[in-house]
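Shown next, in structure tokens, is the structure this report addresses.
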Amino acid sequence: MAMFLPTPTKGVVHSMTESSSRRLAFEVSYDGAAFFGFQRQPGFRTVQEELELAWTGFSSEKAVIHGSGRTDSGVHARAQVVHLSTMHQAPAAIAMRAMNAYLPQDLAVTQVAEVAMDFHARHSAKAKHYVYGIAAGPTRPVLARDRVWWLRRKLDVPAMREASHFFLGTHDFAAFAAAGRSTKTSIRRVRSIHLQERRGCLAIHVRGDGFLYRQVRNMVGSLVEVGLNKRDPRWIQAVLKSGDRSRAGQTAPAAGLTMWRVHYPSNPFAPAAASVSYR
């Protein structure tokens with residue numbers, strides 16, 4: 001792959017500033033099993049750091065990668081969106097191929113586009129879509145073991161669907177937020193929630209304007225309480241109103257959660273944009 005990689009200037013790494021002339025948006029996919037989440041943390045392997053190292057290796061620039069969200073340790077992404085500011089003039093196609101040449105096997109860039117300088121992967125996002133996978137039954141899901149939460153008992157999916165309706169709309173989700181959260185408000189809007197059964201697995205699709213730290217995993221943990229017939233579906237409504245995290249169910253394991261898609265007012269990777277894609 002070396003034929004299309006510009007040769008970096010040896011020993012020179014250029015720092016970036018907000019006055020950079022271009023902004024690039026990247027759609028990235030990763031297997032979160034071996035990552036300590038998205039956000040850079042000293043001493044731990046993270047998605048942000050791997051992306052920044054790949055960009056520096058390709059461009060000789062030291063740039064900060066900004067993500068649309070900070071996935072937790074073990075959480076996966078099908079289409080996480082990130083951006084960076086750069087002086088580098090490589091076309092989007094070259095940037096994508098070069099980044100993938102430097103990235104490890106469990107992380108890939110799937111789309112690249114040049115965007116307006118006021119585009120921000122997180123602040124410009126209007127909605128986020130997560131999918132949580134569950135395998136319920138006595139047989140261990142060998143091939144999907146790092147993608148689902150395995151429950152040895154069958155679930156009452158109709159009861160879970162009934163319970164999930166109480167999450168729809170704008171609510172105070174304090175009861176489903178991780179302890180010690182730092183956000184100013186716990187009010188969030190859930191636009192849709194859909195439970196899809198397929199080939200012995202259950203996929204829970206949740207779409208909202210934004211989510212509190214571990215909110216989706218806490219919601220799923222409580223839905224499972226209903227699915228195991230330990231709780232009545234209306235229990236979800238009571239927990240929401242209580243605002244008490246101790247009254248909700250357990251936090252579902254990280255391995256089952258995937259960031260599926262990030263929505264923007266206009267798709268930065270649309271064909272009309274200066275973009276390139278593997279899709």
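Every read-out reported here was derived from the displayed coordinates using simple, explicitly stated rules and does not represent laboratory data. Please read these numbers as outputs of a predicted model, since none were measured by experiment. Glycine gets a Cβ as well: all are built from the backbone with ideal geometry, and neighbour counts include every protein chain shown.
Please give the residues of region 163-200, grouped as numeric ranges, whose backbone N is less than 20 Å from a label point set 7 Å along the Cα-to-Cβ vector of residue 237.
Taking a point 7 Å out along Cα→Cβ of residue 237, the residues of region 163-200 whose backbone N falls under 20 Å are 163-176, 188-195.
Pop out the ³J(HN,Hα) list for region 41-53 in order, Karplus 6.51 cos²θ - 1.76 cosθ + 1.60 with θ = phi - 60°, rounded to Hz; leave Gly and Pro as x.
9, x, x, 10, 7, 10, 5, 4, 5, 4, 5, 5, 5
Using only Cα atoms and rounding to the nearest 10 degrees, what angle (0 to 90) does helix 92-102 make with the longest principal axis of the chain?
80 degrees
In the Gaussian network model of the chain, springs joining C-alpha atoms below 10 Å, which of 111, 80, 41 carries the largest mean-square fluctuation?
Maximum among the listed residues: 41.
Quick one: which residues, 5 or more positions from residue 264 or on another chain, have an amide H under 5 Å from its amide H? H modelled 1.01 Å from N in the peptide plane, none for Pro or chain starts.
For residue 264, the qualifying residues are 126.
For a quick check: with amide H placed at 1.01 Å from N, whose amide H comes under 5 Å from residue 70's, ignoring anything fewer than 5 positions away on the same chain?
Correct list: empty.
How much length would be gained if the chain were fully extended between residue 209 and residue 33, taking 0.36 nm per residue of separation minus their Cα-Cα distance, in nm to one decimal?
60.8 nm
What lysines could a cross-link reach from residue 62, if we take a straight Cα to Cα line under 20 Å and drop same-chain neighbours fewer than 8 places away?
10
Please report the net charge: other residues with Cβ closer than 11 Å to the Cβ of residue 263, K and R +1, D and E -1.
Local net charge: +4.
Would you mind pulling out the separation of the Cα centroids of region 150-169 and region 94-149, in Å?
Value for the Cα centre distance between the two parts: 25 Å.
Rounded to the nearest 5, what is the percent of antiparallel bridges among the DSSP beta bridges in region 127-260?
In region 127-260, approximately 90 percent of DSSP beta bridges are antiparallel ones.
Which of 136, 255, 25 ends up with the largest GNM mean-square fluctuation for the chain, with Cα atoms connected below 10 Å?
Ranking 136, 255, 25 by mean-square fluctuation puts 136 first.
In terms of modelled amide H atoms, which long-range or inter-chain residues lie less than 5 Å from the amide H of residue 151?
Residues meeting the criterion, in which the H sits 1.01 Å from N, are 135, 136, 137.
Straight-line reach only, C-alpha to C-alpha below 23 angstrom: list the lysines that residue 230 could link to, leaving out same-chain residues fewer than 8 apart.
Hits, sequence-local ones excluded: 154, 241.
Taking a cut-off of 24 Å between Cα atoms, list the lysines near residue 126, but don't count ones fewer than 8 places away on the same chain.
Hits, sequence-local ones excluded: 184.
Quote to one decimal, in nm, the extra length available between residue 93 and residue 168 on full extension: 0.36 nm per residue of separation minus the C-alpha distance between them. Mind dumping the intermediate values first?
Details: separation 75, 0.36 × 75 = 27.00 nm, distance 3.99 nm.
Using 0.36 nm per residue and subtracting the Cα-Cα distance, I get 23.0 nm.
Please give the calculated 222 nm ellipticity per residue for the chain, where each DSSP H segment of at least 4 residues contributes -39500 (n - 2.57) and the sum is spread over every residue; nearest 500 deg cm²/dmol?
For the chain, the value works out to -5500 deg cm²/dmol.
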